[in-house]
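S.K.: Okay, here's the structure, questions in a sec.
The values are calculated or read from the model by the stated rules, or taken from the named source; none is laboratory data. This one's a predicted model, so the numbers in the text were calculated from it and none came from an experiment. Because the Cβ atoms are built from the backbone with ideal geometry, glycine has one as well, and the counts that use them run over all protein chains shown.
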């Protein structure tokens, strides 16, 4: 970036808070003062289109918030780099799973300290998890399978599940399950009791401070402008190389492109594909794409009163064969992968792209004729002007409309603003809709929402009793989510994926790749679809 | 006395007008066929009735609409504009941060527009069909027809990316701290704090977005000034002033411009109000954290408290500007009597 010049400190935003507990924050302030004085290690400037509603881990799943939480709080387990398959120990140095798959015993690492200097214990983990569950915020579902959490001793945590749930370990890597300093947060209005949804008032505090064990500490946050992190010199994995990280709110991808070319930012995190293409080959700029776990698909309504002709399985099949998937992939941007079933290819058990339905417009016409549907007319709903992970939806919509018209399916476009489209998607009233699902956590289980009767499947009015295939996929899905043997689990998911591809009211389209760029002197920048950048892994040379 | 009574009347009307605006904003924003829970709650949470109920209760969305409006008015009367659902901060804190950014940009853009547009329009009329007039026509045509988004991006590409004359988008350089707020205007606050380097940095960042934003106003002011000047220059009193032997500059400035300026003043007031309402596109392109961006994000996500707050602020701004324009009319034109 441009030369450092004069470095000042931003004033900490002071929210409404009681005077009590300020002494507990003395440790924070000493650390911040030390960081302000010494900036060896440099400053990393990240251009980011802010997606932050709140910095309270229990109340958000926003991507930018997750990136900040990954840097300021530690979870029990984590993933490295782009990987979503192999959970690694973090605050949990090891774990044991009972034979029935319902009891997980975690050994909590010794020596991990909060920024205040207090040592982390299993009580903090229990408190943090209970808070997430009981605040009933947007992240509460992560604890849905948990029956009880117990602390055997300061270094041992036991999680009791309602049923076997092999996805628990990957779920525990989610940044919203970062461990908070329970003592400090409780002093500032935090509450983890069953009545936390009315008794917890720690959100304002957590929007200004980060009482975690993470490698960085939140120094300041201005929603319109910038979020600044300073390094935690007491970090148990080793002090970060970078002294300071500035996340600059740059909403316009073209602006990020220009700024990274000029060197005014070090990493451009929310580029579009056109900007990434323009940056390739530019001196001193590295452009990469990272596979996302977000799936794009078409949903057809199986209720004849809502879906009309699209409730007919023959028409659904015809739609599958009618689409020019190669053409759609080109519009989805560099690195996009064909989606064959319900699972993102990032996860074991997913059908490979080679197993996906191939375009066959003659077959599509034949299916329509078989079903006695020669003149199919419908309404194609979608979020107009939507850009997600660099993918511009409108050209894809027009492409699909054109492909369907070639086989005799005429679609009227019905675009609406994203907030209206979201509501339509959730209402289950759309006849024919393009939408996407972003994985909430790094496990195949997350995609079971597409099964008959479950969250997304129900929106397509797909019920377990709608067909023998629906019954079978329902049974297989339930087996897969409770199967504790990895190999059997993968095999079950392969069957689920195949059935889904062949007989669901969904047309899997693609999984986009996320473009990002960084300056040539930046090392270790990788993008993970769950939390964007791992800021601890990044350093700058020169 | 008349002026004082007029002012008092206008000021007393303000709360009534703002109440009307608040009702209109409330009704219109709730007419949108979407639920804010869709914007703020993830799909899984949206499937859990307990979480949805907790969210609605937290934000007062589970109350009947008339009750929601009454509560909002009651709090507003006590100086509380509510909490933004999107930022989780008091709306007035957000507005206090955003509005000065827009004011700084708007005032600078307007100053440029007036400094360029007025003289250009006058000269174009005085030297009709000459090179200045031709240049003024081109400038005004370009100004009113060039899309701001395109112009902004081109300006950034040319002046920032290619030539390096302009700094990176934003209000300040990355390594410069914002001055401790007095007015919220970075240039002003830095100067008041005696921090010249920060003031210069803020000014450097202000130039390009202000220039881009001023283009439309330059175009429209030039055009209208030229047109009204041409009308006035043909009036009898101007001919009389010339016949009386007054020097040409005196005829133009003291007689023609003063009369021609009156309709342009209305235009300037309207343009300034539009600028203060926030230039979403310019702010997005230049990463300028102003009111326009905030309003757009509030509207897109159905952040009702923020929508209401922005509506009230913009309404108050327009009403204030309208009052100032009326008072300026009276000052310029002795035929106009306020009250």
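S.K.: Restricting to the range B:9-68, give me the number of residues that are part of a helix (DSSP H, G or I) and facing chain A (nearest Cβ under 9 Å). Give the steps one after another, and end with the answer.
M.R.: Taking the range B:9-68 as the starting set, the residues that turn out to be part of a helix (DSSP H, G or I) are B:9-31, B:36-40, B:43-46, B:49-58, B:65-68.
If we keep only those that are facing chain A (nearest Cβ under 9 Å) too, we end up with B:36-40, B:43-46, B:50-51, B:53-55, B:57-58.
Looking only at that region, the number is 16.
Results for (1) part of a strand (DSSP E or B); (2) modelled with pLDDT of 95 or more; (3) crowded, with 18+ Cβ neighbours inside 10 Å, shown as yes or no for each residue.
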{"position": "A:105", "(1), (2), (3)": "yes, yes, no"}
{"position": "A:123", "(1), (2), (3)": "no, yes, no"}
{"position": "A:127", "(1), (2), (3)": "no, yes, yes"}
{"position": "A:138", "(1), (2), (3)": "no, no, yes"}
{"position": "A:151", "(1), (2), (3)": "yes, yes, no"}
{"position": "A:169", "(1), (2), (3)": "no, yes, yes"}
{"position": "A:192", "(1), (2), (3)": "no, yes, yes"}
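S.K.: Right, next: Is it the case that residue B:263 is surrounded by fewer than 19 Cβ atoms within 10 Å (Cβ to Cβ) and in contact with a helix residue (DSSP H, G or I) (Cβ under 6 Å, 6 or more places away or on another chain)? Step through it out loud before you land on a result.
M.R.: Values: surrounded by fewer than 19 Cβ atoms within 10 Å (Cβ to Cβ): yes; in contact with a helix residue (DSSP H, G or I) (Cβ under 6 Å, 6 or more places away or on another chain): yes.
It is true that residue B:263 is surrounded by fewer than 19 Cβ atoms within 10 Å (Cβ to Cβ) and in contact with a helix residue (DSSP H, G or I) (Cβ under 6 Å, 6 or more places away or on another chain).
S.K.: Run down A:272, A:263 and say which single residue is in contact with a helix residue (DSSP H, G or I) (Cβ under 9 Å, 6 or more places away or on another chain) and within 14 Å of chain B (Cβ to nearest Cβ).
M.R.: On the way: A:263 fails: in contact with a helix residue (DSSP H, G or I) (Cβ under 9 Å, 6 or more places away or on another chain).
Of A:272, A:263, the one residue that is in contact with a helix residue (DSSP H, G or I) (Cβ under 9 Å, 6 or more places away or on another chain) and within 14 Å of chain B (Cβ to nearest Cβ) is A:272.
S.K.: OK, next. Only one of (1) closer than 17 Å to residue A:299 by Cβ; (2) outside any strand (DSSP E or B); (3) more than 14 Å from chain B (Cβ to nearest Cβ); (4) free of Cβ contacts under 8 Å to residues at least 60 places away in the same chain fails for residue A:458. Which number is that?
M.R.: Checking residue A:458 against (1) closer than 17 Å to residue A:299 by Cβ; (2) outside any strand (DSSP E or B); (3) more than 14 Å from chain B (Cβ to nearest Cβ); (4) free of Cβ contacts under 8 Å to residues at least 60 places away in the same chain, the one that fails is (3).
S.K.: If you don't mind, another one. What number goes with the only condition from (1) crowded, with 16+ Cβ neighbours inside 10 Å; (2) out of contact with any helix residue (DSSP H, G or I) (no Cβ under 6 Å at 6 or more places or on another chain); (3) within 13 Å of chain A (Cβ to nearest Cβ) that residue B:180 does not pass?
M.R.: Evaluating residue B:180 over (1) crowded, with 16+ Cβ neighbours inside 10 Å; (2) out of contact with any helix residue (DSSP H, G or I) (no Cβ under 6 Å at 6 or more places or on another chain); (3) within 13 Å of chain A (Cβ to nearest Cβ) leaves (1) as the failure.
S.K.: Could you tell me which of the residues A:193, A:222, A:182 is in contact (Cβ under 8 Å) with a residue 12 or more places away in the chain, within 14 Å of chain B (Cβ to nearest Cβ) and over 22 Å from the mean Cα position of the chain (by Cα)?
M.R.: On the way: A:193 fails: within 14 Å of chain B (Cβ to nearest Cβ); A:182 fails: within 14 Å of chain B (Cβ to nearest Cβ).
One residue alone meets the criteria, A:222.
S.K.: Ok, one more. Quick one: which residue in B:138, B:157 is part of a helix (DSSP H, G or I), over 19 Å from the mean Cα position of the chain (by Cα), within 14 Å of another protein chain (Cβ to nearest Cβ) and without any contact (Cβ under 8 Å) to a residue 12 or more places away in the chain? Reasoning before the result, please.
M.R.: Details: B:138 fails: within 14 Å of another protein chain (Cβ to nearest Cβ).
Exactly one residue qualifies, and that residue is B:157.
Yes/no matrix, rows are residues, columns are (1) within 17 Å of residue A:186 (Cα to Cα); (2) in contact with a helix residue (DSSP H, G or I) (Cβ under 6 Å, 6 or more places away or on another chain):
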{"site": "A:45", "(1), (2)": "no, no"}
{"site": "A:49", "(1), (2)": "no, no"}
{"site": "A:62", "(1), (2)": "no, no"}
{"site": "A:67", "(1), (2)": "no, no"}
{"site": "A:87", "(1), (2)": "no, yes"}
{"site": "A:94", "(1), (2)": "no, no"}
{"site": "A:99", "(1), (2)": "no, no"}
{"site": "A:125", "(1), (2)": "yes, no"}
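S.K.: Starting from residues that are in contact with a strand residue (DSSP E or B) (Cβ under 8 Å, 6 or more places away or on another chain) and part of a loop (DSSP other than H, G, I, E, B), keep the ones in the range B:69-102 and report whichever is nearest to residue B:295 (Cα to Cα). Step through it out loud before you land on a result.
M.R.: First pass over the range B:69-102, keeping only residues in contact with a strand residue (DSSP E or B) (Cβ under 8 Å, 6 or more places away or on another chain): B:80-84, B:89-91, B:97.
Now drop any that are not part of a loop (DSSP other than H, G, I, E, B), which leaves B:80-82, B:84, B:89.
Numbers: B:80: 18, B:81: 15, B:82: 15, B:84: 12, B:89: 15 Å.
Going through the qualifying residues, I end up with B:84.
S.K.: Looking at the range B:243-287 only, could you name the residues that are in a loop (DSSP other than H, G, I, E, B) and free of Cβ contacts under 8 Å to residues at least 12 places away in the same chain? Show your work before the answer.
M.R.: Step one: of the range B:243-287, the residues in a loop (DSSP other than H, G, I, E, B) are B:244-247, B:277-279, B:286-287.
B:244, B:245, B:246, B:247 - these are the residues of the range B:243-287 that are in a loop (DSSP other than H, G, I, E, B) and free of Cβ contacts under 8 Å to residues at least 12 places away in the same chain.
S.K.: Moving on. Any residue in the range A:109-116 that is crowded, with 23+ Cβ neighbours inside 10 Å and more than 30 Å from residue A:348 (Cα to Cα)? Lay out the reasoning, then the answer.
M.R.: If we filter the range A:109-116 for residues that are crowded, with 23+ Cβ neighbours inside 10 Å, which is where we start, we get A:114-115.
In the following step, the residues that additionally are more than 30 Å from residue A:348 (Cα to Cα) were identified as A:114-115.
Scanning the range A:109-116, I find at least one residue that is crowded, with 23+ Cβ neighbours inside 10 Å and more than 30 Å from residue A:348 (Cα to Cα), so the answer is yes.
S.K.: Scan the range A:318-350 for residues that are over 21 Å from the mean Cα position of the chain (by Cα), under 23 Å from residue A:389 (Cα atoms) and touching a residue at least 12 places away in the same chain (Cβ under 8 Å) and jot them down. Walk me through how you get there before you give the answer.
M.R.: Our first condition is that a residue be over 21 Å from the mean Cα position of the chain (by Cα); within the range A:318-350, this holds for A:318-331.
Narrowing further to those that are under 23 Å from residue A:389 (Cα atoms): A:323-331.
Within the range A:318-350, A:323, A:324, A:325, A:326, A:327, A:328, A:329, A:331 qualify.
S.K.: Quick check: anything in the range A:71-90 under 16 Å from the mean Cα position of the chain (by Cα), modelled with pLDDT of 95 or more, part of a helix (DSSP H, G or I) and assigned by TED's automatic domain parsing to the domain that holds residue A:206?
M.R.: yes
S.K.: Kindly evaluate residue B:48 against the criterion of being touching a helix residue (DSSP H, G or I) at 6+ places or on another chain (Cβ under 6 Å) and either surrounded by 15 or more Cβ atoms within 10 Å (Cβ to Cβ) or under 30 Å from residue A:457 (Cβ atoms) (or both).
M.R.: Numbers: touching a helix residue (DSSP H, G or I) at 6+ places or on another chain (Cβ under 6 Å): no; either surrounded by 15 or more Cβ atoms within 10 Å (Cβ to Cβ) or under 30 Å from residue A:457 (Cβ atoms) (or both): yes.
Answer is no for this residue.
S.K.: Looking only at the range A:387-414, how many residues end up being more than 14 Å from chain B (Cβ to nearest Cβ), in a strand (DSSP E or B) and free of Cβ contacts under 8 Å to residues at least 40 places away in the same chain?
M.R.: Within the range A:387-414, residues that are more than 14 Å from chain B (Cβ to nearest Cβ), in a strand (DSSP E or B) and free of Cβ contacts under 8 Å to residues at least 40 places away in the same chain number 4.
S.K.: Of all the helices (runs of 4 or more DSSP H) wholly in the range A:261-370, which have at least 1 residues that are farther than 25 Å from residue A:502 by Cα?
M.R.: Details: elements: A:273-279, A:304-307, A:313-322, A:325-331, A:361-370.
Qualifying helices (runs of 4 or more DSSP H): A:273-279.
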